[in-house]
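To keep things clear, I will list the structure first and then write my remarks on it.
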Amino acid sequence: MSVNRAAKEKEVEELKAKLKAEEIVLVTHNQGLTVKQVTEFRSKLRKEGASLKVVKNTLARRALEGTKFADVSKFLNGPTGIVSAKDPLAAARVTYNFAKDNDKLVILGALSADGPLDPAAIKVLALLPSLDALRGKLVGLLQAPAAQLARLCQAYADKGGAAAPAAAAPAEAAPAT
């Protein structure tokens, strides 16, 4: 089944428009993945706001021309998939975790707004905590001194409060005698 030229050009334009809005593009080899595995991978990516596009390498090269991801063309050999997303951490994390569990998905490289990334750099990016996790740690760090001060004040009040009634008791006992 052949695709006519107009359909190919439309697909190239759609991919080019999609890539212009993205912040990262990862290229993967996906030879040997079953339809179920690819569907699962796409589902996980979709939950994080990323997507996987499997397209012919020649069409992908045409779509990448003139975009900030043109250098990613060097990875387009063999059965490749293009993962793109606005959030580089989410795309790297989902792709890395899926590749770790499925040896048939191999990360070839990526290009982000900060420059090219090799598979080792993608692993580092994937292992970084999410923005929400970092916010939680920051809030915890900011609250820790205040909580410590509150516990110190409470301990001082408890200690001082226990000494005051003991001192007051003999004073009350003395006038009664």
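Only residues that are of a type in the set (A, V, I, L, M, F, W, C) and out of contact with any strand residue (DSSP E or B) (no Cβ under 7 Å at 6 or more places or on another chain) were counted across segment 56-81, and they come to 4. Evaluate segment 92-112: report whether one residue or more is farther than 30 Å from Leu134 by Cβ and among the small types (Gly, Ala, Ser). Within segment 92-112, not a single residue is farther than 30 Å from Leu134 by Cβ and among the small types (Gly, Ala, Ser).
Test Ala171 against the criterion of being surrounded by fewer than 10 Cβ atoms within 10 Å (Cβ to Cβ), part of a helix (DSSP H, G or I) and modelled with pLDDT of 85 or more, and give yes or no.
In short, no.
In segment 29-45, the residues that are under 13 Å from Val94 (Cα atoms) form Cβ pairs under 7 Å with partners that are assigned to a helix (DSSP H, G or I), at six or more places apart or across chains, as follows: Phe41/Phe98; Lys44/Val94; Lys44/Phe98; Leu45/Val94. Criterion first (surrounded by 14 or more Cβ atoms within 10 Å (Cβ to Cβ), modelled with pLDDT of 85 or more, part of a helix (DSSP H, G or I) and not aromatic (Phe, Trp, Tyr)) does Ala120 satisfy it? Considered against the rule, which asks whether it is surrounded by 14 or more Cβ atoms within 10 Å (Cβ to Cβ), modelled with pLDDT of 85 or more, part of a helix (DSSP H, G or I) and not aromatic (Phe, Trp, Tyr), Ala120 comes out as no.
Scanning segment 129-141 for residues that are surrounded by 10 or more Cβ atoms within 10 Å (Cβ to Cβ) and of a type in the set (A, V, I, L, M), we see that the one that is farthest from the chain's Cα centre (by Cα) is Val139.
The values are calculated or read from the model by the stated rules, or taken from the named source; none is laboratory data. Quick caveat, the model's predicted, so the values are computed rather than measured. Neighbour counts are summed over all protein chains in view; Cβ atoms, including those assigned to glycine, are modelled from backbone coordinates with ideal geometry.
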